[in-house]
Amino acid sequence: FEYFARPEAWTVHPDAPRVLTEMSRRGLVLGIGSNLDARLVRVVRGRPALAPVADRVVVSAAVGHRKPSQHFFDAVVEAAGCEPGT
C-alpha cells in the first residue's frame, strides 16, 4: 500500500510533458480526476512531468463519491473553475 504512495513507484509516459505543455499553451485547463485515493496527490506532485496538472487533482476519496457520481464530476468542475460542458 505504502509503496504505491511513492512517486517513483509510477511511470509517466515519455510524451506526457510535451503533450501537457502544449495543451496548457493552448489554454486548456488540465487536471486529473481519479477513483484512486489521496496517495495520488503525492504521486502527481512528486513527478515533475505532471506539474501542469498538479494543482488540480480530484480524488474520489476526498470528494466522498466515486466516478461516475455527479457529485464527483461537480468537484472536477469546481477544481477546473469552469462551468459544466465548457
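The values are calculated or read from the model by the stated rules, or taken from the named source; none is laboratory data. What you see is a predicted model; the values in this text were computed from it and never measured. FYI the Cβ positions are ideal-geometry reconstructions off the backbone, even for glycines, and counts take in every protein chain you see. Note: accessible area is taken over every heavy atom of the protein model, side chains too, but ligands, DNA and RNA are not part of it. Shrake-Rupley method; radii C 1.70, N 1.55, O 1.52, S 1.80 Å.
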- Quick check, is Val44 surrounded by 11 or more Cβ atoms within 10 Å (Cβ to Cβ), of a type outside the set (Phe, Trp, Tyr) and under 10 Å from the mean Cα position of the chain (by Cα)? yes
- Please list, ordered by first then second residue, the pairs with beta carbon atoms under 8 Å, 6 or more apart or interchain, first in region 11-30 and touching a residue at least 12 places away in the same chain (Cβ under 8 Å), second assigned to a loop (DSSP other than H, G, I, E, B) and surrounded by 14 or more Cβ atoms within 10 Å (Cβ to Cβ). Val12/Arg47; Leu20/Leu30; Met23/Leu30; Ser24/Leu30; Val29/Arg56; Leu30/Arg56
- Note on the structure: In the set Thr11, Thr21, the lone residue that is hydroxyl-bearing (Ser, Thr, Tyr) and assigned to a loop (DSSP other than H, G, I, E, B) is Thr11
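Taking the condition of being touching a helix residue (DSSP H, G or I) at 6+ places or on another chain (Cβ under 6 Å) and either of a type in the set (Ser, Thr, Tyr) or open to solvent by less than 40 Å² (accessible area, probe 1.4 Å) (or both), how many residues in region 13-36 meet it?
Taking region 13-36 and keeping what is touching a helix residue (DSSP H, G or I) at 6+ places or on another chain (Cβ under 6 Å), we get 16-17, 20, 24, 29-35.
Remaining after also requiring either of a type in the set (Ser, Thr, Tyr) or open to solvent by less than 40 Å² (accessible area, probe 1.4 Å) (or both): 16, 20, 24, 30, 33-34.
Here the count works out to 6.
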- Query: Which of the residues spanning region 62-85 are surrounded by 14 or more Cβ atoms within 10 Å (Cβ to Cβ) and out of contact with any helix residue (DSSP H, G or I) (no Cβ under 9 Å at 6 or more places or on another chain)?
  - Reply: Phe73, Val77, Ala79, Ala80
- Message: Go through region 52-86 and report how many residues are within 14 Å of the chain's Cα centre (by Cα) and free of Cβ contacts under 8 Å to residues at least 12 places away in the same chain.
- Response: 3
